[in-house]
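What follows is one structure encoded as structure tokens, with my remarks underneath.
The values are calculated or read from the model by the stated rules, or taken from the named source; none is laboratory data. This one's a predicted model, so the numbers in the text were calculated from it and none came from an experiment. Positions of Cβ are backbone-derived with ideal geometry, glycine not excepted, and every protein chain shown enters the neighbour counts.
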């Protein structure tokens, strides 16, 4: 995989990263690679962090082999979460962008470890991280350079129970106006339920987000994790069409 | 003032209500009526609720006389907050739409009192009201009919201190998909600081909001309340231009 | 009823106010008056505020007549919530202490109205009121004098769903150290479930609370509101025994 | 150091762990070991997690050598935080109890790593962890056995700014009634300011806590971290005296 530094540097690009919560099987990943029109950025979890230790924890090494095989057939940028410093070197050959999940935003040892490799890092906001704490965590990545630090809003903890999290687009607006970092939004975890994901994605773009990370699954009902918030391929392509209409209003061009 | 029932009933209309936090003076109100291009809907507080009892509490009766005089010269719909059942009859002749503020969302006696008059009511969400509680409060207005009950998101209480409140556009998306009510957003109170208000307004429209309530002041630095979140007239007209471009993407037409 | 100003002024008194969420029937009230050993302070709702408008809203005028009859037989101080300025004069003859509920903490018109009568006022904290806002609301009662303003912590809104609210005893500690007001705690609403109420009451006393408001019902399973958090009479007397043991450690004497 | 499994198993023991936020110097640690009357349990950070990467990060290896030297002179149980799996073996010879800090509660890889060593683990609650998530994290420690898993409440994130965190004693009550785990409270981080720490500690005991972790410093004003919430030695001994009076009420005996 070629160098991916500055992959997100173009200020007029609206980045759309799609893929499943977890890499589950070859059939699943082929369906996504086929169903999403010429995807260049695909996400998928290989090591999963689960609140319940008996939940599916990801394919681990088998996931690595699968992604490498698919990339050999047709290259794409793979975005994946790293949950332990000891995983980084393993994941390096297949990974263009490392993701630090919400549970690890405060895991400064992990941040220091990942910053040593020259890849963009998507730093998800912890469940109730203040903006100051989030920016404090981003400082642990400073060696990568501003353009390679992506702050990803994914909803914060709330007193309300209708939705999974409380999407904080105010933070996106604030960060875009006051910091040099790229700001992405994950509408899937923010809302937690498929019927609300597309509207949340559109609102994020209007708030000024530079990119979106959206969970897509060829068969959401059968997903091993987070199926209730995944878009089907058809829904995903509907989102793409809407984003193509919306992006120019904000002087941006969609990159899937 | 003619009957205003169903004022907000057109699903393809994007309503923009503007005006100062508080009606302060004739000069102020004339500047707004002149500066906003052909306004049909103007907001302004006559009785203010203030956390600090020594803060400016509104003009009271003098505010009433001023609005009536201005409406006599050139009619406009006036939207104002009612904070006590005993104010309703006084405000009735000048008011097209009653607003229930966030502090009174749970004030069911007030809701029952206001529902007896045939005017649309904008019901602001309390600081940390769950969506269920908000809909429960709306039930106290049921006699008005669905089209005359407007739920207004204005940001909820948060652990973060950078912005005044946490704008919850997820609630807007949820309410539009699952209830028959109109949903407005108040980006001014949500963000609390002028530089972030316009982007919040655009995001609200992309989330599906039917309308916006925006604080405008001819001279924000001199405002007696909430000046730090008011748009100047120039900023307001910039917002109007942006909304005119954005609304058609969502199959709506702006009504100022 | 004699003058009740300064009813709570003794700093070495630990006040215990008990009674049902709502006054429901003569049988219910007699059971409580008999079951609680020589009660001098009894609470009970006559006008209830309910999230659902179809829930039991209190007995209203019938409740007034019942309490007056019982007080005529054997005097006791009655503590009840007022939810509308227009109720105050009606409730005055039977009421020693007015309570402002959490939903009305920001209802400044109501606070101003109640402050005109010379009775102690228990001001419950709103669901997510900051301490500053709470103290701001207390200022609207300033005419009563510090000793007649009781701040009552009743749990704040939380992201957790195991308990009804999040009991904030830190606020009690803070208020006792920095303000002249009396501070009570309502462990019933804080916890929301009977098995946890007694321990919460003990913790409140250890935090420095001047008093407790506890929901008691002769038959919690049959209560028309909040039965799941009411103590039975037996449980209540267990609480009394525990408080009598604990109070002297904090240089206080229990007053039931 | 002898085996420390079941160190906290006695249900009638009230454990008091004291010490500085960070191990800073020999003089500091000697002052604490002398000033606290016959301490058997001492806490102190050797590797610190700091929101600001330029803040003091702990002594690291030098802290290890210092603690070992002091333990050689007079044995005591040392309680310290582990922030990276790679630190565990280094810390093992001096450590009786491992602490997982709030920032790492969701760091399941770290939990799995620490559970492999037979030492009690104090699992602090993350800033806004639900009780379910906290118990989910505890499951990753299940191999240690119930008596060696200590859940430590340290205040949760709040909308209020007067205190550092919102002490959630309701969670302590809930956990004691429904789970087999030991439950400790950290009043220092909960309150964040010295004048409120002692009262919070007393309230925690009344809520049913099995133990307390309290920050003590011989000279709080000079502390390299968290001095504003540390007790002086004099204040600490005042706390000890109060706990000795309070513990028997709850059928417990204080162990410092």
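Might you let me know whether region B:127-137 holds any residue that is free of Cβ contacts under 8 Å to residues at least 40 places away in the same chain, in contact with a strand residue (DSSP E or B) (Cβ under 8 Å, 6 or more places away or on another chain), in a strand (DSSP E or B) and more than 7 Å from every other protein chain (Cβ to nearest Cβ)?
No: region B:127-137 contains no residue that is free of Cβ contacts under 8 Å to residues at least 40 places away in the same chain, in contact with a strand residue (DSSP E or B) (Cβ under 8 Å, 6 or more places away or on another chain), in a strand (DSSP E or B) and more than 7 Å from every other protein chain (Cβ to nearest Cβ).
Is it the case that region A:241-256 has a residue that's in a strand (DSSP E or B), modelled with pLDDT under 95 and either under 24 Å from residue B:205 (Cα atoms) or away from chain B (no Cβ under 14 Å) (or both)? If you could, list the steps in order and put the result at the bottom.
Let us first name the residues in region A:241-256 that are in a strand (DSSP E or B), namely A:253-255.
Still in the running and modelled with pLDDT under 95: A:255.
Filter once more, so that each one left must be either under 24 Å from residue B:205 (Cα atoms) or away from chain B (no Cβ under 14 Å) (or both): A:255.
There is at least one residue in region A:241-256 that is in a strand (DSSP E or B), modelled with pLDDT under 95 and either under 24 Å from residue B:205 (Cα atoms) or away from chain B (no Cβ under 14 Å) (or both).
So which of C:188, C:158, C:171 is in contact with a strand residue (DSSP E or B) (Cβ under 7 Å, 6 or more places away or on another chain) and part of a loop (DSSP other than H, G, I, E, B)? Steps first, answer last, please.
Numbers: C:188 fails: part of a loop (DSSP other than H, G, I, E, B); C:171 fails: part of a loop (DSSP other than H, G, I, E, B).
Matching residue, one of C:188, C:158, C:171: C:158.
Can you say whether residue D:62 is closer than 15 Å to residue D:28 by Cα and touching a strand residue (DSSP E or B) at 6+ places or on another chain (Cβ under 8 Å), as far as the supplied structure shows?
The answer is no for residue D:62.
Determine if region C:25-34 includes at least one residue that is over 15 Å from residue C:232 (Cβ atoms), touching a strand residue (DSSP E or B) at 6+ places or on another chain (Cβ under 6 Å), at pLDDT 95 or above and part of a loop (DSSP other than H, G, I, E, B).
Scanning region C:25-34 turns up no residue that is over 15 Å from residue C:232 (Cβ atoms), touching a strand residue (DSSP E or B) at 6+ places or on another chain (Cβ under 6 Å), at pLDDT 95 or above and part of a loop (DSSP other than H, G, I, E, B).
Going by what's in this entry, would residue D:151 be described as facing another protein chain (nearest Cβ under 7 Å) and either part of a helix (DSSP H, G or I) or crowded, with 20+ Cβ neighbours inside 10 Å (or both)?
no
Would you pick out the residues in region D:243-253 that are under 20 Å from the mean Cα position of the chain (by Cα) and crowded, with 19+ Cβ neighbours inside 10 Å? So that I can check it myself, show each step before the final result.
Let us first name the residues in region D:243-253 that are under 20 Å from the mean Cα position of the chain (by Cα), namely D:243-244, D:247, D:252-253.
Listed by number, the residues that qualify are D:243, D:252.
Could you count how many residues in region C:48-96 are surrounded by 22 or more Cβ atoms within 10 Å (Cβ to Cβ) and at positive phi?
The number of residues fulfilling the criteria is 1.
Looking only at region C:91-110, which residues are at the interface with another protein chain (Cβ under 9 Å from one of its Cβ atoms) and within 17 Å of the chain's Cα centre (by Cα)?
Residues satisfying the conditions are C:101, C:102, C:103, C:104, C:105.
For residues in region B:37-47 being outside any strand (DSSP E or B) and within 16 Å of the chain's Cα centre (by Cα), which is surrounded by the fewest Cβ atoms within 10 Å (Cβ to Cβ)?
My answer is B:40.
Out of region A:47-98, which residues are free of Cβ contacts under 8 Å to residues at least 12 places away in the same chain and under 19 Å from residue A:223 (Cβ atoms)?
Within region A:47-98, A:51, A:52, A:54, A:57, A:62 meet the criteria.
Against the condition over 27 Å from residue C:248 (Cβ atoms), facing another protein chain (nearest Cβ under 7 Å) and either surrounded by 24 or more Cβ atoms within 10 Å (Cβ to Cβ) or without any contact (Cβ under 8 Å) to a residue 24 or more places away in the chain (or both), how does residue C:124 come out, does it pass?
no
Of all residues in region C:48-85, how many are within 19 Å of residue C:213 (Cβ to Cβ), outside any helix (DSSP H, G or I) and more than 14 Å from chain B (Cβ to nearest Cβ)?
5
Considering only residues that are touching a strand residue (DSSP E or B) at 6+ places or on another chain (Cβ under 8 Å) and under 20 Å from residue A:126 (Cβ atoms), which ones fall in region D:65-84?
Within region D:65-84, D:81, D:82 qualify.
Taking region D:199-233 on its own, how many of its residues are at pLDDT 95 or above, under 15 Å from the mean Cα position of the chain (by Cα) and more than 13 Å from chain C (Cβ to nearest Cβ)?
9
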